[in-house]
Amino acid sequence: MESAPSALKIEFDGVTTVLGDEPVLHRLRLSVPDGQVTVILGQSGCGKTTLLRHLVGLLPPTGGSVRLDGRDVWSLTSAELVSARGGIAAVVGGSHPFDSWLFSSMNVYENVACVLRRAGATDDEVHATTAPLMREFGLEAFARSFPEEIPAHARRRVLLAQALVSGMPLIVLDDVDTALDSRYTGAIVRAIKSVNEKARATVLITANDLDFAREVAHEVAVLWNGKIVSHGPPDVLLRGVRTGEEFARRFFRTDLAGPLCRDVVEGGLRGGEPARRFFAIDPDLPVWWVVALLLLVIVFVFWSSAGTVFGGP
């Protein structure tokens, strides 16, 4: 079996997305370190799946760029995009039902093994890699069953196993903690860590569960109000945050821009790119307004004090 290529670096630069009447992402910036596990946390409906669909070539952003190893995914030719996807193992939901990513004509074992067979693995190599993971994921009993014959939560585990045995340099897992049997969460965490350590794969995950993120991630990024408002090691970023309510309170305070406004977001787009001169749409602007106001107050107080000391009124 061929060895896997080196891990891939991901960069989202100024990504803006408007879907129908709904602004979803706005000038989002994030650099995902290669060879590490990064978890994007955010409430349901905040745009996590949309961001991953931009990355794997399923949905173009309205503005900004998505780069894999320095190459803009949406500037690639069709042939180049197909080639780039060949290095990605992805489980992405959203408007694409998870079940549609499984081959209905193959049983569970063959669904997991097919990625290895395409890479040229022998039957012995396939079994040595696939069987232990299926056992860990509680899929042994379903090995000869077809996808429609097994429960939905088991189908999710089949998809995760399929992605994790692939040996791809980039593994993308969407809402990995959703609709899973909690008995297998530990096994999934171990499998993600193992593929990251052994294959040096870049792993990008979206999730809602704070404890899951703490266990598996080297880096956590928080998606809130259409942009990344904070990122860093989970033991630092999530210190003292135990519930969804605490998470919301902490990162609502982190973001001072307020809710996204469709008219403003769309008004700032010119030819598919955010208009830099159109400062009214800059989500960071309220922060700078506050800083500027504080500086003016400090200067005024200093000037008034200096005038008093040196004989002013």
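The values are calculated or read from the model by the stated rules, or taken from the named source; none is laboratory data. This structure is a prediction, so every number in the text was calculated from the model and none was measured. Quick reminder, even Gly has a Cβ in these numbers, built from the backbone with ideal geometry, and neighbours come from all protein chains shown.
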It is to be established whether one or more residues within region 121-128 are under 20 Å from residue 188 (Cβ atoms), in contact (Cβ under 8 Å) with a residue 24 or more places away in the chain and not small (Gly, Ala, Ser). no
Does region 47-56 contain at least one residue that is hydroxyl-bearing (Ser, Thr, Tyr), in contact with a helix residue (DSSP H, G or I) (Cβ under 9 Å, 6 or more places away or on another chain) and within 30 Å of residue 229 (Cβ to Cβ)? no
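Evaluate the following for residue 24: is it in the same structural domain as residue 204 (by TED's automatic domain parsing) and more than 21 Å from residue 200 (Cβ to Cβ)? So that I can check it myself, show each step before the final result.
Values: in the same structural domain as residue 204 (by TED's automatic domain parsing): yes; more than 21 Å from residue 200 (Cβ to Cβ): yes.
Yes.
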Show the residue pairs meeting these rules: Cβ distance below 9 Å; 6+ apart or different chains; first residue within region 150-161 and assigned to a loop (DSSP other than H, G, I, E, B); second residue charged (D, E, K, R). 151/181
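Any idea which of 221, 213, 191, 217 is in contact with a His (Cβ under 9 Å, 6 or more places away or on another chain) and of a type in the set (A, V, I, L, M)? Steps first, please.
Details: 213 fails: in contact with a His (Cβ under 9 Å, 6 or more places away or on another chain); 191 fails: in contact with a His (Cβ under 9 Å, 6 or more places away or on another chain); 217 fails: in contact with a His (Cβ under 9 Å, 6 or more places away or on another chain).
Being in contact with a His (Cβ under 9 Å, 6 or more places away or on another chain) and of a type in the set (A, V, I, L, M) holds for just one of 221, 213, 191, 217, which is 221.
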Go through the residues of region 188-202 one by one and say whether even a single one is touching a Pro at 6+ places or on another chain (Cβ under 9 Å) and of a type in the set (Gly, Ala, Ser). yes
For region 170-188, which residues satisfy the criterion of being among the hydroxyl-bearing types (Ser, Thr, Tyr) and assigned to a loop (DSSP other than H, G, I, E, B)? 178
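Only one of 153, 218 is assigned by TED's automatic domain parsing to the domain that holds residue 131 and within 21 Å of residue 139 (Cβ to Cβ); which? Break it down into steps so the answer makes sense when it comes.
Details: 218 fails: within 21 Å of residue 139 (Cβ to Cβ).
Answer to the check: 153.
Could you tell me whether residue 191 is in the same structural domain as residue 43 (by TED's automatic domain parsing), free of Cβ contacts under 8 Å to residues at least 12 places away in the same chain and assigned to a helix (DSSP H, G or I)? Break it down stepwise before answering.
On the way: in the same structural domain as residue 43 (by TED's automatic domain parsing): yes; free of Cβ contacts under 8 Å to residues at least 12 places away in the same chain: no; assigned to a helix (DSSP H, G or I): yes.
No.
Name the one entry in 5, 60 that is modelled with pLDDT under 90, part of a loop (DSSP other than H, G, I, E, B) and not hydroxyl-bearing (Ser, Thr, Tyr).
Details: 60 fails: modelled with pLDDT under 90.
Of the residues listed, the single one that is modelled with pLDDT under 90, part of a loop (DSSP other than H, G, I, E, B) and not hydroxyl-bearing (Ser, Thr, Tyr) is 5.
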Given the residues 55, 76, which is the only one that is within 22 Å of residue 9 (Cα to Cα) and modelled with pLDDT of 95 or more? 55
Six or more apart or on different chains, Cβ atoms under 7 Å: show the pairs whose first residue is in region 92-117 and within 26 Å of residue 207 (Cβ to Cβ) and among the polar types (S, T, N, Q) and whose second is outside any helix (DSSP H, G or I) and at pLDDT 75 or above. 111/102; 111/103
Go through region 114-162 and give me each residue that's aromatic (Phe, Trp, Tyr) and closer than 18 Å to residue 177 by Cα. 137
